[in-house]
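Novice: What follows is a structure written as structure tokens; I'll ask about it next.
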């Protein structure tokens, strides 16, 4: 957003109230709009909604009962090396294109979507057991498509042109602690390319690319929390992104440019 450096620029983040436990097949657009009403808010053009991956996966029925998973020989070997449940390891292998690193207690995988992450994003926290059985949750099959569908549904019902981000918590290779990143994006760029634009001294920027979707996802994660907070949808108001429909796929560094893998 352009600014002369003298005018205050507000950015308002609101964790929406009244989000229920989401079940497979539920209408996320209806859930979001009910929560907007419960929070005494209405959607406006240029609003950005950030949804926790977990509620998107739950709505899309991405549950797997571990009792139904038969570990392969490869999974049994990797489970023995890492001390992890062989059934979970089997799912990690199914969801991944590559095992990047492993050690006791840790598997870092390149998810088939391109994200390099622990356990290929498979998680059991805040996942309700199905029929009393151990259950885990996979990432959405196509988070960019999930974000696009929600954006389209909200526009049909409210006429508001909004951005949608699906976020998840990632560890960082060189830093401790998790931070929110965007795994699904619609209605705004994933990356803002500033190369060729002047800085304040007129020098042309040569390498600057801003991960705006990740920055917004991380800001929303502060309100969402990581435990039992129950705030999986955050409204961001005040940041007007460039008008380009991007994706999370554009954020992923191509493997041939990855200096560390």
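Novice: If a paramagnetic tag sat 7 Å from the Cα of residue 208 along the Cα-Cβ line, which residues of the stretch 237-260 would have the backbone N under 18 Å from that point?
Specialist: Within reach of a label on residue 208: 240-243.
Novice: With the calculation restricted to Cα positions, what are the radius of gyration and Dmax of the stretch 1-118 in angstrom?
Specialist: Looking at the stretch 1-118, its Cα Rg and Dmax stand at 20.6, 63 Å.
Novice: Any chance you could run the full-extension gain for residue 257 through residue 38? It's 0.36 nm times the residue separation minus the Cα-Cα distance, nm to one decimal.
Specialist: Length gained between residue 257 and residue 38: 74.3 nm.
Novice: Note the direction-averaged projected area, equal to a quarter of the hull surface, for the Cα convex hull of the chain, in nm².
Specialist: Seen from a random direction, the Cα hull of the chain projects 15.9 nm² on average.
Novice: At a Förster distance of 30 Å, what's the computed FRET efficiency of residue 176 paired with residue 81, Cβ-Cβ distance as r, to 0.05?
Specialist: The formula returns an efficiency of 0.80 here.
Novice: Among 55, 165, 48, which comes first, then next, by fewest other beta-carbon atoms within 10 Å?
Specialist: So the ranking, lowest neighbour count to highest, is 55, 48, 165.
Novice: Right, next: Test of understanding: extend the Cα→C-beta vector of residue 30 to 7 Å, then name every residue of the stretch 42-73 with backbone N under 16 Å from that spot.
Specialist: Label zone hits: 59-61.
Novice: Sorting check: for 184-190, 168-174, 114-120, which peptide has the highest mean count of neighbouring beta carbons within 10 Å, and how do the rest follow?
Specialist: Ranked by mean Cβ neighbours within 10 Å, highest first: 184-190, 114-120, 168-174.
Novice: So, R0 is 35 Å and r is the distance between the beta-carbons of residue 249 and residue 6; what FRET efficiency does that work out to, to 0.05?
Specialist: Rounded to the nearest 0.05, the efficiency is 0.40.
Novice: Could you check what % of the DSSP bridge pairs in the chain are antiparallel, to the nearest 5?
Specialist: That works out to approximately 85 percent antiparallel.
Novice: Between the stretch 207-261 and the stretch 47-113, what is the separation of their alpha carbon centroids in Å?
Specialist: When both Cα centres are located, 22 Å separates them.
Novice: Report the dimensions of the stretch 63-136 along its three principal axes from the alpha-carbon atoms, largest first, rounded to Å.
Specialist: For the stretch 63-136, the Cα extents along the three principal axes come out at 34, 24, 18 Å.
No value in this document is a laboratory result; all are computed from the given coordinates. The model shown is predicted, which means the values in this text are computed figures rather than measured ones. Neighbour counts are summed over all protein chains in view; Cβ atoms, including those assigned to glycine, are modelled from backbone coordinates with ideal geometry.
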